[in-house]
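The values are calculated or read from the model by the stated rules, or taken from the named source; none is laboratory data. This one's a predicted model, so the numbers in the text were calculated from it and none came from an experiment. As a convention, Cβ positions derive from the backbone with ideal geometry for all residues, glycine included, and neighbour counts pool all protein chains shown.
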Ligand code: PGA
């Protein structure tokens, strides 16, 4: 049975009450209730909605995580959120290096490696995002760019940290555009990442695909050998579509 990790990145959406309602709708759905243990479901609400999401998740077998954390343990960093606070309130995971943070906050691979390190030392599992821009994609530079991102993150974090992480391949041109990578395109890059990780002695990591995943394309993506799940943005904000993606993973897991 293959294991799938289905993560919903809610970005800057949902008030605390709405987050609780969405978590409640997802955890009480047949999709989650009847999902095999090989399907792991995680949701990433905005920071101030985390507590109500965690309360709503209650005893159900779903994970809640943060969308970002600071690389330092604590200190004079106004407006930042620490990994230890996320762990303390009950988060299990944290997304680091999402392309929107790279773009809007100038996050570098070195910083992302430091954040992954802080996450692990605080007891969180980091989901490390990599992916090329449209210009890089069109120039045929995808693997070169993704390989360089992984190298720089590995240099900053070290093997032990990367080995405890989850990787999300998210082509920037596919995020929020409705233009997902085709299963073949995604599989090709995932296979490249899988080989890269093997060569750098950090094997067996889950590799998620992200970028316009929907109930319509999820099954074809999950049928690919090296796609171990999805990081879902837009389609994770409605319980119907997120649950349909969980269903697709459940089906793929038993095939
Ligand atoms: P999308 O976002 O599913 O809306 O394309 C994915 C992501 O940013 O993680």
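List of remarks:
- Residue among 181, 220 that alone is in contact (Cβ under 8 Å) with a residue 24 or more places away in the chain, within 15 Å of the ligand (Cβ to nearest atom) and either closer than 26 Å to residue 12 by Cα or not in a loop (DSSP other than H, G, I, E, B) (or both): 181
- Among residues of the range 235-255 that are at pLDDT below 95, those with a Cβ under 9 angstrom from a residue that is in a loop (DSSP other than H, G, I, E, B) and surrounded by fewer than 20 Cβ atoms within 10 Å (Cβ to Cβ), sequence gap 6+ or separate chain, pair up as 254/1; 254/2; 254/36; 254/38; 255/2; 255/223.
Listed here are the residues, each with its yes/no results for (1) within 16 Å of the ligand (Cβ to nearest atom); (2) on the phi > 0 side of the Ramachandran plot.
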position	(1), (2)
14	yes, yes
23	no, no
36	no, no
43	yes, no
48	no, no
54	no, no
61	no, no
76	no, no
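- Residue that is nearest to residue 153 (Cα to Cα), among those in the range 200-217 that are more than 10 Å from the ligand (Cβ to nearest atom) and at pLDDT 95 or above: 200
- Criterion (within 16 Å of the ligand (Cβ to nearest atom), in contact (Cβ under 8 Å) with a residue 60 or more places away in the chain, outside any strand (DSSP E or B) and crowded, with 16+ Cβ neighbours inside 10 Å) met by exactly one of 107, 132, 100: 100
- Count of residues meeting criterion [in a loop (DSSP other than H, G, I, E, B) and either under 24 Å from residue 46 (Cβ atoms) or within 12 Å of the ligand (Cβ to nearest atom) (or both)] in the range 223-235: 1
- Selected residue [in contact (Cβ under 8 Å) with a residue 24 or more places away in the chain and over 21 Å from residue 252 (Cα atoms)] from 164, 210, 140: 164
- Of all residues in the range 142-178, those satisfying the criterion of being farther than 25 Å from residue 119 by Cα, within 13 Å of the ligand (Cβ to nearest atom) and assigned to a helix (DSSP H, G or I) are 173, 174.
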